[in-house]
Amino acid sequence: MLYRMVFIVFGFSMLSCQEVVHKVSPPNILLIITDDQGYADYSAYGGAPDAITPNMDKIAENGVRFTNGYATAPVCNASRQGIITGSYQERWGTFYYGGRIFPESQYTLPELLSKEGYRCVKIGKTHYAEVLDNNVKIEEPLTLREFPLNHGYEEFLGFCAHRHDYFKLKASDDWVEDPDDDRMSQFGPLWRNRAKEDFEGYTTDIFGDEAVRQIEKRDDRPFFMELSFNAVHHPIYQAPDKYLKRFGVERFPEWDPKQESFLDYHARTCWRQEEDPDGRKRYLANLACLDDNIGKVLEALKRSGKWENTLVFFISDNGGSQNTYANNGVLNGHKYILREGGIRTPFTMSWPGKIKKTKVIDVPVSHMDILPTCLEAIASRAKDSLKLDGKHLLSLIDNPKEAHHKVLVWDTGKEWAVRKGEWKLHVVKQDNHFRTIHLDAGTYLHNLETDPGEQNNLSGKHPEIVEELTAVYGAWKKRL
């Protein structure tokens, strides 16, 4: 692509300019991504009274809370591609699960920041496509672009799959493989750079501890860290005993391959085919551990003197899942679908040395905006030569009423949606009744300012708006 060539040819000719900029202490950048967290399960958003998140709240209290922050997809592999590239992942054919990986011509956030002298670290979950699960031979992932060390990170601790057991982190913990659904049963050692390593403990704690270690590491370079927790993704019935005790629930029985297939166990425990009376408490136990680890990471920033000059982003990769007892508050729908509950997420941001405290911004923003915001924050010349769909957030924070995204578009292949101003058009092409996902085919138009819960379908009353937003979608699809 031309814009990549422009950056390669001219970006490094600006080296002297970049050196001058970097003498003004470029910020550290911490991107925290949670997994399937409900919109109301963040107490700064004032939604669920039983979700108490004092440490997450510190980010909002010291910076900005976006009330209309959107993922680019209602499922994680697609949305995470939008985050790391600053672009619509549909551009290279990723609409939903099973999509393509971002091409070599598409720069990622760590690739761009590493060229600016950043130490780039990935901790936690990596899931961009279906090929990088733990059933792939150990040598193969090391050659693939989606492996973290192949798209800009210099260190990696985590796993490559859509989910992982929170406790079973040793080779000796291997379960009997179930040929019916082995994609669902990731377990065993974690990746430490290019090798597998056994761990003892709980992944949320392990990832939090690693983040602290990286923050306190002696290195003169600024860091970019993606801290991608697998909490609160299923299996949310797994939590350390002290958290189960806090919420008054017993440890959940582990899978017994002598009693049932893993597919049946997974459906029963993770697809909510049987209601668990303690399901919400188990989710909250998982969430509490997550919040404590975020607190541990923020405290490390303060203890090391890096808090004031660290740009922190906090997002969930998509909306809360109905299968895990997440709470999306007033928002209709959940993960997997393009209702607001599937794509609108908690989105907070702080930079104590630069951003005034406790701002609330209602203008729609996107996870795609994180990459260009990072480039703007470090005065990178790359932002002038890259073709991105995201827009930087710093000018919006200075002027919260300014126009930001004229439109935002989503497309999963089975449904699509457009948001323009207060209006959202949502078109479902076919009925979807897959397990606990229920979505009727049809055309839905909602005014999100007066009806954020998408209760009143106004498509019949405003055919002219339906026509206008349908044309917007058609033009967007053509540009792809």
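The values are calculated or read from the model by the stated rules, or taken from the named source; none is laboratory data. The structure presented is a predicted model; accordingly, all values stated were derived computationally and were not measured. Ideal geometry is used to build each Cβ from the backbone, glycine not excepted, and the neighbour counts take in all protein chains shown. In case anyone asks, the SASA skips ligands and DNA or RNA and just uses the protein heavy atoms, side chains included. Shrake-Rupley method; radii C 1.70, N 1.55, O 1.52, S 1.80 Å.
Got a sec? Which of 445, 388, 394 is open to solvent by less than 30 Å² (accessible area, probe 1.4 Å) and of a type in the set (A, V, I, L, M)?
On inspection, the qualifying residue turns out to be 445.
Does the stretch 29-51 hold any residues that are part of a helix (DSSP H, G or I) and touching a Phe, Trp or Tyr at 6+ places or on another chain (Cβ under 9 Å), and which are they?
Passing the criteria: only 45.
In the stretch 35-55, what residues are over 12 Å from residue 344 (Cα atoms) and among the acidic types (Asp, Glu)?
Matches in the stretch 35-55: 35, 41, 50.
Is it the case that residue 226 is part of a strand (DSSP E or B), closer than 26 Å to residue 370 by Cα and under 24 Å from the mean Cα position of the chain (by Cα)?
Considered against the rule, which asks whether it is part of a strand (DSSP E or B), closer than 26 Å to residue 370 by Cα and under 24 Å from the mean Cα position of the chain (by Cα), residue 226 comes out as yes.
Looking at the structure I just gave you, is residue 460 farther than 30 Å from residue 272 by Cα, of a type outside the set (D, E, K, R) and not in a helix (DSSP H, G or I)?
Here the answer is yes, as residue 460 does meet what is asked.
Starting from the stretch 467-480, take each residue that is within 17 Å of residue 388 (Cα to Cα) and open to solvent by 30 Å² or more (accessible area, probe 1.4 Å) and list its partners that are outside any helix (DSSP H, G or I) and not polar (S, T, N, Q), counting only C-beta distances under 8 angstrom and pairs at least six apart or across chains.
Pairs found: 477/411; 480/88.
Matching residues to (1) assigned to a helix (DSSP H, G or I); (2) in contact with a strand residue (DSSP E or B) (Cβ under 6 Å, 6 or more places away or on another chain):
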site	(1), (2)
254	no, no
267	yes, no
301	yes, yes
307	no, no
315	no, yes
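Within the stretch 368-377, can one find any residue that is outside any helix (DSSP H, G or I) and not acidic (Asp, Glu)?
No - not one qualifying residue is present in the stretch 368-377.
Which residue pairs have Cβ atoms closer than 6 Å, lie 6 or more positions apart in sequence or on different chains, and pair a first residue in the stretch 247-264 that is touching a residue at least 60 places away in the same chain (Cβ under 8 Å) with a second residue that is open to solvent by 70 Å² or more (accessible area, probe 1.4 Å)?
Correct list of pairs: 257/176; 261/180; 263/180.
Can you tell me which residue among 409, 360, 418 is open to solvent by 20 Å² or more (accessible area, probe 1.4 Å), in contact with a strand residue (DSSP E or B) (Cβ under 8 Å, 6 or more places away or on another chain), not in a loop (DSSP other than H, G, I, E, B) and not polar (S, T, N, Q)?
360
Going by what's in this entry, would residue 462 be described as of a type outside the set (S, T, N, Q), in contact with a strand residue (DSSP E or B) (Cβ under 8 Å, 6 or more places away or on another chain), open to solvent by 40 Å² or more (accessible area, probe 1.4 Å) and at pLDDT 95 or above?
yes
What are the residues in the stretch 332-352 that are open to solvent by 10 Å² or more (accessible area, probe 1.4 Å) and either in contact with a helix residue (DSSP H, G or I) (Cβ under 9 Å, 6 or more places away or on another chain) or at pLDDT below 95 (or both), if any?
Within the stretch 332-352, 332, 333, 334, 336, 351 qualify.
Answer yes or no as to whether residue 291 is of a type in the set (D, E, K, R), closer than 30 Å to residue 25 by Cβ, in contact with a Pro (Cβ under 8 Å, 6 or more places away or on another chain) and in contact (Cβ under 8 Å) with a residue 40 or more places away in the chain.
Judged against the criteria, residue 291 is a match.
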